[in-house]
1. Find, among the trypsin sites (Lys or Arg not before Pro) in segment 255-335, those assigned to loop by DSSP (not H, G, I, E, B) with at most 15 other beta-carbon atoms within 10 angstrom.
2. How do Phe295, Phe136 rank when sorted from fewest to most other Cβ atoms within 10 Å of their own Cβ?
3. Calculate, in whole percent, how much of the Cα-Cα pair population of the chain lies beyond 30 Å.
4. Arrange Val80, Val302 by Cβ neighbour counts within 10 Å, fewest through most, would you?
5. Can you give me the relative contact order of the chain as a percent, contacts being Cα pairs under 8 Å and 6 or more apart?
6. What helices does the chain have that are whole DSSP H segments, at least 20 Å long along their own axis by Cα, and with mean Kyte-Doolittle hydropathy of -1.0 or more?
7. Distance between the C-alpha centers of segment 106-134 and segment 245-299? Whole Å please.
8. Take Met281, Met214 and order them by how many other Cβ atoms sit within 10 Å, fewest up front.
Amino acid sequence: MKKILSVLLMITLIASLMVGCQSKEKNNEESKETVSEQNAEEKVYTFKFANQKNEQHPRTVSMMWFKDELEKRTSGKIKVEIYHSGVLGKEQELFQMTVTGALQGYRGAGYEQLSDKFSLWNVPFLFQSYDEISYFEQSDFANQIMKDASKNGIYIPAVGFTGFRNMMNMKKKIEHPSDLKGLKMRAPGQAPIINFYKEVGAHPQEMNFSDVYMALKTGVVDGVCSSASDLETNKIYEVAKHFTWNNYMAGADPFMVNMKWYESLPNDLKRIFDEVSIETMVYSDKLLSEQENEFANKLQGVVDDTVQVLEDPELTKEWVEASKPLWKGFVEEGLFTQEDIDKVEEILEEYRKNN
């Protein structure tokens, strides 16, 4: 009987010790989880953004709004640093820095490496107004393009546009597409623009926009195409006195974010980041659409001559016809399909019926 009692006592003692150990382990685990949660709440995520635009340009202005809004909505859990005017490098360098994580965000050239379908924004005379581009950017088709382009270390939460492209040159008045023949025209590394120049007999010269002013001044190039805001804020009118206002081509402006950085965010911060990103690009588009005419009017006041193509239906038709072969060319090169163009036109037709 004593032996039985001793055994029972021993079993009770061992069980008590085991429960105590398990309780201690559980408390330790709970303590670790609490500390982990506290650390996540206290952690500050730094988002370094860069572009080549100056501080007055709508792209930079909209990103300053992004900084203020994101820091406010996250209660300072995400801190945003803005580096504009190319202080951290040229566009291709900034793109690669975003891919590697040296930067967390960037807007500018390089996106064409992520998806050829961003070239749809560049189809000459496909879009007739900024409102049409904005409407297209909110479509399921545009969202799918962004989703498919989020790869190779880059995440794209939102896309805007760069403004319609117009032309300035230092040689002569450009009224007809044929007037471009023989001119050395600066081009970014984007096939649609390069192909357009080749189609009309010009000689495209690839270079960063930050090099354009000096290239015009020294005669390395004869002309440049870009949005009126780019042309005016970078004072291209000082070295190129002939302005062709034709709005012949728009351009995509994806907001590129380092994928690894984005995925490190807690879910609640991801949601806020995405919301602010979308609102920022809408704001950027609004700034551009409101300011482009203002910038173009400023250019008219400081150049030797201005050709307003869109005010002349026959001249507009001439430019449209000159660019039409490119539509087929883009498809043949595999940048996108005819079905893709048809989808965009269907979306735009829907907009035109309701507006």
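What follows draws every value from the coordinates through simple rules; no lab data is involved. These figures come from a predicted structure and were not determined experimentally. Every residue, glycine as well, gets a Cβ built from its backbone with ideal geometry; the counts of neighbours run over all protein chains shown.
1. none
2. Ranked by crowding around the Cβ, least crowded first: Phe295, Phe136.
3. Values: 27867 of 62835 pairs.
So the pairs more than 30 Å apart make up 44 percent of the total in the chain.
4. Listing Val80, Val302 from fewest to most nearby Cβ atoms yields Val302, Val80.
5. With pairs under 8 Å counted, the relative contact order is 22 percent.
6. Numbers: long enough: 2-42 (59 Å, -0.30); 58-73 (22 Å, -1.04); 267-300 (49 Å, -0.71); 313-333 (30 Å, -0.74); 338-354 (24 Å, -1.65).
Both cut-offs are met by 2-42, 267-300, 313-333.
7. Taking the Cα centre of segment 245-299 as reference, the centre of segment 106-134 is 12 Å away.
8. If I rank by nearby Cβ atoms, fewest first, I get Met214, Met281.
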